[in-house]
Every structure is written in C-alpha cells, then in structure tokens.
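Note sheet for the following structure.
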Ligand SMILES: *Cc1c(COP(=O)(O)O)cnc(C)c1O
C-alpha cells in the first residue's frame, strides 16, 4: 500500500484543476498583455481566476495579486511594506515560528537597518496577545504573524491579533498558506491587510501564489518590469497556473464543510491512536487550536530520519522536524521554540492528511508505525536504560 501523508509539503493537482489548466498550456498561448484576441482570451481567464479567489475571501477582485508562490507573497508583503513605510518607522513584529520565507525576509531587513521583534510561543505554539501588545512601539510599521503553522498546525488567535494591529494603525500581514482551503477567511470581518496564499498547498499547481492586498495598503513592488497585475507585479503571467489556482480555490471552498469533517475525523483517529498505542510519545502543537489535517508527535529515544526511512520502505510518506530533512544540522526552529529538547525535536514525525486519504490508509499506518518505533527503540541505548529502570 502507498500512503501519502505529506500534504503540508505539497498536494497533488486535482483532475478538475488539471482539466481547467490544459487548454492554457496547449491552445491558448497568447500574451494577456496583447491587444489581439489570442491575448484577450487569456486576460479573461486570469480575471476569472481572480474573481474565484476574491470570492473565497469575500474581497474585491482588485485586491488579489498573483505571484510566483507563497514565498514570493511573503517576501513582497514584508519587504514591500518596509520600503514604503521606512520613513515612518523601522520596527517589525513577527514570531519565532514563522516559515523561513517570513523569517529570512525579516532577517534580511535587519541587515538593512530595520529592527524586528520575534515573539516567543508557549509549549503549544501560541503567541501571547499581551506580549504582542507590549512589543508595539511608536515606530512599528508591520505585524506579520502566520495563521497556521506548517509544522505543528497551531492556529494563532488571528482575530485578536488583527484587532490589536488595527487599533494601533499598524499594517497586519498573515501567512495563511497552510490555513487557506481549510478555514474560511472573510476579509470583511477580519481586519487583515495582507494575506499570503499558495496554490500547491490546496490541490493546485506549484509555482503560483497570490497576495491579498487590502485597498489602500501602502506597498512597494518586489518585481519591477512590465505593467502586469495593475503595475504591482511585473512579468508575463503564468496563465495555466493562475487558472488552476482559481479552480482549486473555488473547489476547496465549495466543499469546505465536507472536507473539514472528513479530515478532522481522520486526524483525531490517527492522533488518538498513536498517543494511545505508543508509549513515550508527545503531541506537538495545540490539541484543539490546530489545523484539521495536522498530526505532529515526538517519539522519545528515536531519530526522525530513521523513522522516515522505515516508513518509506512500507510505502508511507511523512516528514520530520529533525536535522537532515530540513537540510541543516539544527532541528526545526519551530519545535525548539516550543521548548522541546534537541532529542525530542529530532524524534518528531509530521503526518499531514489530505482529501484523498481514507480510513483504510490510516489503519495501515497504525499497523505499521508501532513496530517501527519499537524496532528503532530497541536499538537505542537510552531506551535500554528505561527498560532497566535507570531513568
Ligand atoms: C509552503 C509554505 C510557504 C511557501 O510557499 P511556496 O508556494 O512553496 O513558496 C510559505 N508559508 C507556509 C506556511 C508554507 O507552508
């Protein structure tokens, strides 16, 4: 059996999405900026996708700007506002557990003379709203806090954060790449100024994203060049990608309730069974304030990488916050921010579910995982001590 449980890394393109895209890779090749019919047709297709995405946010189409993905949207939001408001202030507030697209953009700005406050999180991965209030200064120009964390699934108190930003007249950006498609975000209700999203995290194609930009938000361009995206993001549009993104977004929000119910049930089943069946195991992230598709657990006495390799051998695709998977020697900055020891961070396993997963697949994982954990623990000298009662 093959079981894909890495939907937070990326998702497959839905067949309906691919069908919507194909004509734009084949027959409709005109440049949307051209005046002839070849171009005009494609301009229309982009406008349709813009409408589809605007609708999911209860926003105006002119508030949606297509980009080359979630990372670009994050970089644009942060660097663009910093550039536009640098004469007003040079202080930015974010958190310790952001995606690297946010963290590294902030670190870049620090080298350029900006000051950044990185809010800590508690053991569940939540920021403190009091900390946020206390960190606001006269020269704070931007608050950027993610909606849902990609590793541990924790959902931040976004309504409260947005209200605080608005009260203090500070621009608020949220990286909603993981939340989008799982949670309804209504820009008429939520006073958020910028939202980053990405197509490939919700059954759309890779390499296309968008930034929701509330009307009137001051921002400089990141990509300079032609007049595309109403002069805010240059470059000939990724038409097929944009069309696919529009279709994927529309489908996600058409079936939202069903999707939420299906995934919440599977997630709870998987999570409860793992915690129940395997001793010396700890949940990472908040139990309730959590993405509907995220399971993240740490197993004492074992390494994430060896677990991933063993799971892969029986056809199960997962991910880990341990060193090798992240391409650096340190374990995940997110897990360490929760206060986990290096050992527990190294022993983490992230299983992220998607629409295609079934109860049978979860049962297969629950059958395969416990013996794998046991076998790896049997090779661990630390576990040997536990068995002998040394700890
Ligand atoms: C995947 C992801 C990104 C980056 O999006 P890309 O489209 O892959 O560039 C940014 N933020 C979060 C939270 C993500 O999960």
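Read-outs throughout are calculated quantities, based only on the coordinates presented, and are distinct from any laboratory measurement. Predicted, not measured: the structure shown is a model, and the values here were computed from it. Every residue, glycine as well, gets a Cβ built from its backbone with ideal geometry; the counts of neighbours run over all protein chains shown.
Which order do the peptides 147-157, 359-369, 300-310 take when ranked by the mean count of other beta-carbon atoms within 10 Å per residue, highest first? All intermediate terms of the calculation are to be shown ahead of the outcome.
Working: 147-157: 24.9, 359-369: 16.9, 300-310: 19.7.
Ranking, from highest mean packing down: 147-157, 300-310, 359-369.
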On Cα atoms only, tilt of 158-167 relative to the major axis of the chain in degrees
40
Taking the simple approach of a point 7 Å from Cα along Cα-to-Cβ for both residue 230 and residue 10, what is their distance in nm?
3.1
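What FRET efficiency comes out for the pair residue 131/residue 260, r = Cβ-Cβ distance, R0 = 25 Å, nearest 0.05?
Numbers: r = 30 Å, r/R0 = 1.20.
Given R0 = 25 Å and the Cβ-Cβ separation, E is 0.25.
Give me 197, 93 ranked fewest to most by other Cβ atoms within 10 Å of their Cβ, as a rough exposure proxy. Please list the in-between numbers first.
On the way: 197 32, 93 26.
If I rank by nearby Cβ atoms, fewest first, I get 93, 197.
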Only Cα pairs within less than 10 Å get springs; with that Gaussian network setup on the chain, which residue of 51, 186, 175 has the largest fluctuation?
186
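What full-extension length gain, to one decimal in nm, is calculated for residue 169 and residue 289 as 0.36 nm per residue of separation minus the Cα-Cα distance? It would help to have the intermediate numbers written out before the result.
Details: separation 120, 0.36 × 120 = 43.20 nm, distance 2.71 nm.
Stretched out fully, the residue 169 to residue 289 stretch lengthens by 40.5 nm.
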Taking only C-alpha positions in segment 17-148, Rg and Dmax in angstrom work out to 19.5, 58
Given a Förster distance of 35 Å, report the FRET efficiency between residue 110 and residue 58 from their Cβ-Cβ distance, rounded to the nearest 0.05.
0.50
Ranked from highest to lowest mean number of other Cβ atoms within 10 Å per residue, what is the order of the peptides 124-134, 205-215, 53-63?
205-215, 53-63, 124-134
Before anything else, pin down the relative contact order of segment 15-254: Cα pairs under 8 Å, at least 6 apart, normalised by residue count, whole percent.
28
Taking 0.36 nm per residue of separation between residue 382 and residue 275 and subtracting their Cα-Cα distance, the length gained on full extension comes to 36.5 nm
Label point distance in nm, residue 223-residue 313, each placed 7 Å from Cα along Cα→Cβ
4.4
What the 20 Å binned alpha carbon P(r) of the chain shows, as percent of pairs per bin from 0, is 27, 54, 18, 1
May I ask for the angle, rounded to the nearest 10°, between helix 15-26 and the longest principal axis of the chain, with both axes built from Cα atoms and the value confined to 0 to 90°?
40
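Quote the FRET efficiency, to the nearest 0.05, computed for residue 343 versus residue 29 with a Förster distance R0 of 45 Å and r equal to the Cβ-Cβ distance. Each step should come with its number before you reach the end.
Working: r = 54 Å, r/R0 = 1.21.
For residue 343 and residue 29, the calculated efficiency is 0.25.
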